[in-house]
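The values are calculated or read from the model by the stated rules, or taken from the named source; none is laboratory data. What you see is a predicted model; the values in this text were computed from it and never measured. Virtual Cβ from ideal backbone geometry, glycine too; neighbours counted across all protein chains shown.
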Amino acid sequence: MILVTGATGLVGSHLLFKLAKSNEKVRALYRDKEKLDAVRRVFSCYTDNYQPLFGSIEWFEGDILDIPSLSKALKDIKYVYHCAALVSFEPHKYHTLRKTNIEGTANVVNLSIANQIEKLCYVSSVATLGSPIKNEPVTEDTFWNPEEDNNVYAITKYGAEMEVWRATQEGLNAVIVNPSVILGAGIWDSGSGSLFKRAHKGLNFYTKGTINLVAVEDVVSIMIKLMESNITNQRYILVAKNWSYKQFLTTLTASVNAKAPKNLAKPWLLNTVWRLDWLLHKIIGKKRELTKHLSRSLNSHTVYSNAKIKSELDDVQFKSVEKTISEIGAIYLKQV
């Protein structure tokens, strides 16, 4: 049997559909019963007759931070897909991020070792990779620099990776995937889905940086192929395209029948806005929308290489980003 953590998230829910469609015996770990509706919505992106597939999954209420429930979830499990994570770039959430991303991952790998799990796939991020050297593409060998001014999400995802690597030294077979921004339909209030929601309301500004994109279908397909392969103790960058923000936002707004942004948000403007955003958070507790690190990334020009996954795994073909965005936009307009 297969265990999927983070089953109600973007990657987890799309992974569940693909596994269930392949008639795999799957146990899905979830925390909030209300979020199961989001999984149904994701399944409905693929087929109207999704209920038999949804019903074939063994749903298990638990938490990666709750060792007793996690221990029960891992009973009789052969393979683990660890997709659970907290995503936030708000500095004041650092300790919460550490608890979920690092401590939670430590619990998963420790219990995987104890239960003699045959193989684990961990969903990390390109955020854990180092900065480019001399403008060269970032690869899996571009090492993390702890002395840099790294954002809180990247720090905790890197710490989670260290837990996985530590577990491999203790006998656990594992693979790590490092996807870029994952494009997928069905979950519109967080992740890339919220970008379609914002685009539909209208966008006025674009930035001069680059964004790195990959379809969720490609991410989950590669995860499954890696788990079915003999590859162990390796990590792989998953990115289909490195685009300018202007190109991305133009394509994104077109997919939801909205106007493309025409105004360039220059660095000085972003630096002003993130400071005002910080001030409002301190004064009235407003949720942070633009942090210093996010402002910097919106103007950065980082290119990631997918050469390793293409060379080491057979038949890897990344889906067109243009087609992916167009399809997701059409689903968004249909579902909302």
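Checking Y50 against (1) among the aromatic types (F, W, Y); (2) buried (at least 17 other Cβ atoms within 10 Å of the Cβ); (3) within 23 Å of V181 (Cα to Cα), only one condition comes out false. Which one?
So the condition that Y50 fails would be (3).
Using the structure shown, decide if E161 is over 22 Å from the mean Cα position of the chain (by Cα) and either surrounded by 13 or more Cβ atoms within 10 Å (Cβ to Cβ) or over 20 Å from L226 (Cβ atoms) (or both).
So E161 fails the test.
Could you list all residues from segment 53-62 that are part of a loop (DSSP other than H, G, I, E, B), surrounded by 16 or more Cβ atoms within 10 Å (Cβ to Cβ) and not β-branched (V, I, T)?
G62
Return the residues of segment 133-162 that are closer than 18 Å to R296 by Cβ and either acidic (D, E) or in contact with a strand residue (DSSP E or B) (Cβ under 8 Å, 6 or more places away or on another chain) (or both); say none if nothing qualifies.
V138, E147, E148, D149
What pairs come out if I take residues in segment 116-142 that are under 21 Å from Q169 (Cα atoms) and pair them with residues that are among the acidic types (D, E) whose C-beta lies under 6 Å away, six or more apart or interchain?
The qualifying pairs are S124/E161; T128/E161.
Out of L19, L86, L36, L65, report the one residue that is crowded, with 20+ Cβ neighbours inside 10 Å and either in contact (Cβ under 8 Å) with a residue 24 or more places away in the chain or outside any strand (DSSP E or B) (or both).
L19
Return a yes/no flag: does segment 268-276 have any residue that is within 23 Å of D189 (Cβ to Cβ) and either at pLDDT below 75 or β-branched (V, I, T) (or both).
yes
Could you pull out the residue among K35, K18, K78 that is under 18 Å from the mean Cα position of the chain (by Cα) and at pLDDT 95 or above?
Unique residue meeting the criteria: K18.
Taking W188, is it in contact (Cβ under 8 Å) with a residue 60 or more places away in the chain, assigned to a loop (DSSP other than H, G, I, E, B) and hydrophobic (A, V, I, L, M, F, W, C)?
yes
Can you pull out every residue in segment 291-304 that is surrounded by 17 or more Cβ atoms within 10 Å (Cβ to Cβ) and assigned to a loop (DSSP other than H, G, I, E, B)?
T291, L298, T302
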